[in-house]
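Report on one structure; see the data block that follows.
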């Protein structure tokens, strides 16, 4: 019987009379009126979480009308679509500062001064994207291992084990903060660690031949994806910095004062070795900047977040693009550095020092490191130009990526 045929009317609800045994009047979507022998008319919702049947109470008629019950059912269904147990949502009390999101934001505010600004932004953005939509409104003390594991399983599936493990650590820090403030008793994020897929650490996968490098670039640029993501990936492949440097690249870091050489000056605070790094930008890299500027020029970031222009691109955006391009276990964004090193050291073995400087690898000899920094800029620019010519020999112009297929974003329920 269809949902419309099963729907109750106000008249039927009002006329429901008690019987010797409890009975139900179904309204559809799991919502029903439970009529008790004592004459109670109670709204109940039957639903399933992880294959287990559960029931949620919405109150008694006539205090809760048929329209109110249906609205409560629809909200509960929306929570289920987001992966949240509406039974936990129902248990929220009058203390919004004790929700997971509130506790997490307070923890972040207290802790961010110990991080770089970029890392602080990444931490909060990752929670906002991957955790708060699922469990943010739930009282932190009501969350247990099953709810936390469900969030992390989804992250493992959609974003990979590395990201899930990183998020688990951040969630654990939130729970520890809640325990310290007396609003939680346990850290379920620590409990579920052993139930997560193991993270195999080692060298990051990277292709090592020129043909494979061109193939990686072509596969990512053929994706249905936002053009800013594709431009960021190409810019990464041309500049050979670490992915987080590209994710957080700012327009005010691009120095256009030298008419002979466009350079990107990455401040020490954004470098792994805490030493500033100057990247000579080839005409191909400049073409990426010229292509992206009409879209992002009003943002402080060259490659901003697709939803929030005042924030940098998500730390996972490029990794996810490579995964969707079928490159899982073959090549990751960070792998471009190994690809460049392998190919160019074979082609230009006498330029090993300049290649190391392109990769911002500092010499252990301070005097030698200073010499390299001073003397290799011109050669670094020449090697980067040679690399761009090799890599982009079969690639379309940067501006053409604007016309490629785009990914349709799913709207939140």
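Rank the residues 320, 61 as a footprinting-exposure proxy: fewest other Cβ atoms within 10 Å of their Cβ go first.
Working: 320 17, 61 20.
By the 10 Å Cβ count, ascending: 320, 61.
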For the range 3-87, evaluate the Debye formula with one uniform point scatterer on each Cα (no solvent term) and list log10 I(q)/I(0) at q = 0.14, 0.17, 0.23, 0.24 Å⁻¹, rounded to two decimals.
-0.46, -0.67, -1.12, -1.19
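In what sequence do 81, 41 fall when counting other Cβ within 10 Å, fewest first? Write out the running numbers ahead of the final one.
Numbers: 81 10, 41 19.
Starting with the residue having the fewest Cβ neighbours, the order is 81, 41.
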Label model pair residue 9, residue 386: point-to-point distance (7 angstrom along the Cα→beta-carbon line) in nm is 8.5
So how compact is the range 260-369: Cα radius of gyration and Dmax in angstrom?
16.4, 46
Zone of residue 273's modelled label, taken as backbone nitrogen in the range 321-354 under 14 Å from a point 7 Å along Cα→Cβ:
353-354
The equivalent-ellipsoid semi-axes of the range 46-192, taken as the square roots of five times the Cα gyration tensor eigenvalues and listed largest first in whole Å, are 30, 17, 14
If you take the Cα Rg of the chain and divide it by 2.2 N^0.38 Å, with N the number of residues, what do you get?
1.27
When the chain is modelled as a GNM with alpha-carbon springs shorter than 10 Å, which of 195, 150, 213 fluctuates the most?
195
Using a Gaussian network model of the chain whose springs link C-alpha atoms within less than 10 Å, name the residue from 307, 44, 324 with the highest mean-square fluctuation.
307
Quick calc, residue 55 & residue 345: beta-carbon distance into FRET formula, R0 51 Å, rounding 0.05, result 0.20
Mean-square fluctuation check for the chain, GNM, Cα pairs under 10 Å: which of 401, 42, 391 is largest?
42
If the convex hull of the alpha-carbon atoms of the range 210-403 is projected onto planes in all directions, what is the mean projected area in square nanometres?
10.8
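I need 265, 315 ordered by Cβ neighbour count within 10 Å, fewest first.
Values: 265 12, 315 20.
Final ranking by Cβ density, sparse to dense: 265, 315.
Values in this text are rule-based calculations from the coordinates and carry no lab data. Since this is a predicted model, take the numbers as computed values, not measurements. Cβ atoms come from the backbone with ideal geometry, glycine included; neighbour counts cover every protein chain shown.
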